[in-house]
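See structure below.
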Amino acid sequence: MQTYLHIDNVIKQFGQFTALQQISFSIKQGEFVCFLGPSGCGKTTLLRSIAGLEPVTSGAIFQAGKEITHLPPEQRDFGIVFQSYALFPNLTVQDNIAIGLSNQGVAALECNQLVDKWLKMIGLQSEAYKYPNQLSGGQQQRVALARALALSPGLLLLDEPLSALDAKVRTHLREEICQLQRKLGITTVMVTHDQEEALAMADRIVVMNDGVIEQIGTPQEIYEKPASRFVADFVGTMNFIPTSMIDNNLMRIGEDLLSVPESLQELAISGCMFDLAVRPESLYFCAVEKANDLNNKDNSIAVNIESIEFQGAYCQVECRLWDDFSASSIYVNVPIREARKLNLSLQESRRIGFDNTQLHAYP
Ligand code: ATP
């Protein structure tokens, strides 16, 4: 697919402070991309730079093959939705949607038809004559979305559009936005600090930290192959287990010796210390009869169970390396059916094994 938006070496400074450091990447036509990162990482500044609301210090931005770096916002081709809805309080729903159209000189008849089409698209036909303060948060955000899309922009920019909504409405609207985006095929950039939202909605995620891009990838790539310790830690839950290499074949975790899995062979330097990173769903409890297997045939580690939290579909079991009370917690997610069979109890000593294909190591 064709590149629609290209960011080339963009730097943004606020006085002495560098908010964006040499940012470069491209977004394809029709893609849904999320900027994800902790507060202050620069994701809003990057979105505002694309909109022309924030002049960049250096670098260039191209949209549909045309350089737009120095164009004012009104000469750029985008629609934007903010966290705060930003509707005109003195205008009805239909007038909020119509205002951009009439400002652009769209004739009254066509304007009415477009407003009707968008009211239908967002499911608010019966609220057409209401004012923003007579609508729920989710309804107001749908109006903001319709207003942004009514002018058929080439690019949709979403600045934390779901953050002000409660959990249920958020999930619902998240699906609606995805459906609408796919239906229209509109290239979309959304800023969020919510990793779940980014994983669920985006075709690709740009993970940012301190003004730099840590990784760009599909949700699955970001989750399964985090490119840095920061990404591994920020996206999803990750256990970091202190490990040392004994030789090419053996590594030590706590009191246990384990054979080095193939995925970690390149780290196999004697004496090398690293954190073994593994997600809670890639750990499992070994069968009880193997709990005292001194030959450690199933390559497991001894742990003590500290807490068991029921999470509906699974149990989150918090463990600590056996006999090491200073070590940080290791979380294991056990599917509920398995948990019933395992019959785990608090303060019990058990052994946990790893899915060797889902291991990462960070020195
Ligand atoms: P949040 O999720 O909290 O909005 P963010 O990742 O969107 O965070 P930005 O708003 O892009 O972060 O800000 C990035 C950095 O730039 C922050 O350290 C912020 O304090 C700084 N910054 C943003 N706008 C300005 C400004 N107008 N003047 C000075 N510093 C600014």
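Restricting Arg204, Arg182 to those that are basic (Lys, Arg) and within 13 Å of the chain's Cα centre (by Cα) reduces the list to Arg204. Here Gln113, Gln83 are screened, and the one residue that is within 18 Å of Leu184 (Cβ to Cβ) and polar (S, T, N, Q) is Gln113.
Those strands (runs of 3 or more DSSP E) of the range 171-245 in which 2 or more residues are over 20 Å from Thr357 (Cβ atoms) and touching a helix residue (DSSP H, G or I) at 6+ places or on another chain (Cβ under 9 Å) occupy 187-192, 204-209, 212-217. Can you name the residue in the range 74-85 that is surrounded by 13 or more Cβ atoms within 10 Å (Cβ to Cβ) and not in a strand (DSSP E or B) and, of all such residues, is modelled with the lowest pLDDT? Among those residues, the one meeting the criterion is Tyr85.
For the range 91-112, a residue qualifies if it is among the hydrophobic types (A, V, I, L, M, F, W, C) and either in a helix (DSSP H, G or I) or buried (at least 20 other Cβ atoms within 10 Å of the Cβ) (or both), and the qualifying residues are Val93, Ile97, Ala98, Ile99, Leu101, Ala108, Leu109, Cys111. Within the range 145-167, can one find any residue that is without any contact (Cβ under 8 Å) to a residue 24 or more places away in the chain and among the aliphatic types (A, V, I, L, M)? Yes, the conditions are met somewhere in the range 145-167. As for the range 56-70, it holds at least one residue that is within 13 Å of the ligand (Cβ to nearest atom) and either within 24 Å of the chain's Cα centre (by Cα) or not in a helix (DSSP H, G or I) (or both).
Counting only residues that are of a type in the set (A, V, I, L, M, F, W, C) and in contact with a Pro (Cβ under 9 Å, 6 or more places away or on another chain), the range 335-363 holds 2 of them. Number of residues in the range 1-49 that are more than 12 Å from the ligand (Cβ to nearest atom), in contact (Cβ under 8 Å) with a residue 40 or more places away in the chain and touching a Leu at 6+ places or on another chain (Cβ under 8 Å) equals 6.
Only one of the numbered conditions (1) out of contact with any strand residue (DSSP E or B) (no Cβ under 9 Å at 6 or more places or on another chain); (2) among the aliphatic types (A, V, I, L, M); (3) within 16 Å of the ligand (Cβ to nearest atom) is not met by Leu87, and that is (3). Quick check on my filter: what residues within the range 201-251 are touching a Gly at 6+ places or on another chain (Cβ under 7 Å) and assigned by TED's automatic domain parsing to the domain that holds Leu20? Within the range 201-251, Arg204, Ile205, Val207, Met208, Asn209, Gly211, Tyr223 qualify. Looking only at the range 318-330, residues that are at pLDDT 90 or above and out of contact with any Lys or Arg (no Cβ under 9 Å at 6 or more places or on another chain) come to 2 in all. Being within 25 Å of Glu221 (Cα to Cα), over 19 Å from the mean Cα position of the chain (by Cα) and surrounded by 22 or more Cβ atoms within 10 Å (Cβ to Cβ) holds for only one residue in Leu36, Leu5, and it is Leu5.
The values are calculated or read from the model by the stated rules, or taken from the named source; none is laboratory data. None of the values given here were measured: they were computed from a predicted structure. FYI the Cβ positions are ideal-geometry reconstructions off the backbone, even for glycines, and counts take in every protein chain you see.
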